[in-house]
1. Could you tell me whether A108 is assigned to a helix (DSSP H, G or I) and buried (at least 19 other Cβ atoms within 10 Å of the Cβ)?
2. So how many residues does segment 139-157 have that are touching a Leu at 6+ places or on another chain (Cβ under 9 Å) and free of Cβ contacts under 8 Å to residues at least 60 places away in the same chain?
3. Could you give every pair whose Cβ atoms fall below 9 Å, whose first residue belongs to segment 265-280 and is farther than 22 Å from G310 by Cα, and whose second residue is of a type in the set (S, T, Y) and not in a strand (DSSP E or B), counting only separations of at least 6 or pairs across chains?
4. I'd like the residue in segment 258-290 that is under 19 Å from C199 (Cβ atoms) and hydroxyl-bearing (S, T, Y) and, out of all such residues, is surrounded by the fewest Cβ atoms within 10 Å (Cβ to Cβ).
5. Starting from segment 231-244, take each residue that is without any contact (Cβ under 8 Å) to a residue 12 or more places away in the chain and list its partners that are of a type in the set (A, V, I, L, M), counting only C-beta distances under 8 angstrom and pairs at least six apart or across chains.
6. Condition first: among the charged types (D, E, K, R) and modelled with pLDDT of 95 or more. Can you find one or more residues in segment 73-82 that meet it?
7. Going by the conditions given, is D303 assigned to a strand (DSSP E or B), touching a residue at least 60 places away in the same chain (Cβ under 8 Å) and either out of contact with any Leu (no Cβ under 7 Å at 6 or more places or on another chain) or within 14 Å of F224 (Cα to Cα) (or both)?
8. Looking only at segment 136-162, which residues are of a type outside the set (F, W, Y) and closer than 19 Å to G88 by Cβ?
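The values are calculated or read from the model by the stated rules, or taken from the named source; none is laboratory data. Everything numeric in this text was worked out from a predicted model, so none of it was measured. Cβ placement follows ideal geometry from the backbone for every residue including glycine, while neighbour counts extend to all protein chains displayed.
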Amino acid sequence: MLKISRDPFLRFTTLILITSSLFSYGTEARLHYYNDIHNPNSYPEPPYSSFSQSQPPSISPDPDDLSQPPSPCQDLDQEVVHDVRNYGAIGDGITDDTDAFKIAWDSACSNDEDNNTVSILLVPFGFTFVIHSTIFTGPCRSYQYFQVDGTIVPRDGPESWPSGFNKRQWLVFYRIKGMALIGNGVIDGRGQKWWDLPCKPHRNVNKTTALTGPCESPAALRFFMSSNLSMQGVTIKNSPQFHMTFDGCHEVHINSLRITSPPSSPNTDGIHIENSNSVEIHNSVISNGDDCVSIGSGSYNIDILNLTCGPGGHGIR
């Protein structure tokens, strides 16, 4: 059940701000040439692979505003902060920092909850961290804060993707039982080289996937078999494929999130929900090249409020 309004007379007109032409946002059922990728079977259970070091990609720019942003966790009484730099991350936009992030996650995840103490994995402001395809596995011993104030990027393009790693997912959170993704930073999927692949739908005159088969392109963030999740403040942009996916999740709260990619970027759904329930998407902005929010089979109790959809995008369906 998709729950859009608690006031049947007024709420519907305020939920979604359409900022492009009327015909760009039709949400009626119709043939969609990305349906094969919307199939939940396109997202198999995350594999467990060992890390492999790789050649560095080009540097992704640091945030334009160099003033230190406020911390969403600054009012908490006791914090155990796991700054990824303390685990070996460099943050120069060149060095592969994957191993450091995994060690920092394992340390934060094993931190016992004690009274008002919270565990925070900190991605600090002013740094750009390169991470290849990675699975952050739970459940953890306490509620986790994954605070992104800096920038996280993958290696640049399909040719740089490490061999043996799943090309359909980048950052995966698996079996998490309580986590907040917060901060004022950016998760940048660097999708341009993926969008330019000849097998992408928009590269074909008929706007269909090439006969050689669909392109394998990673979703930026995948939450799989997880619960009690919260996202606020972070910008997610330029994903090679879907920006965020929730599969087998419940109790998801999204607020003040920004998702953006060019209107021409193929199959870059903002938020895809599959086999999930009790999902709230509030006060957020999604501007992309496909559905702002796509709701797959097995999903119910979805509450969408004050969502700005556009420019670009195909609305909610």
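1. yes
2. 3
3. E274/Y43; E274/S297; E274/S299; N275/S297; N275/S299; S276/S299; N277/S299
4. Across segment 258-290, the extreme among qualifying residues is S264.
5. Hits for this filter: zero, empty list.
6. Scanning segment 73-82, I find no residue that is among the charged types (D, E, K, R) and modelled with pLDDT of 95 or more, so the answer is no.
7. yes
8. If the condition is that a residue be of a type outside the set (F, W, Y) and closer than 19 Å to G88 by Cβ, then Q147, V148, D149, G150, T151, I152, V153, P154, R155, P162 are the ones that fit.
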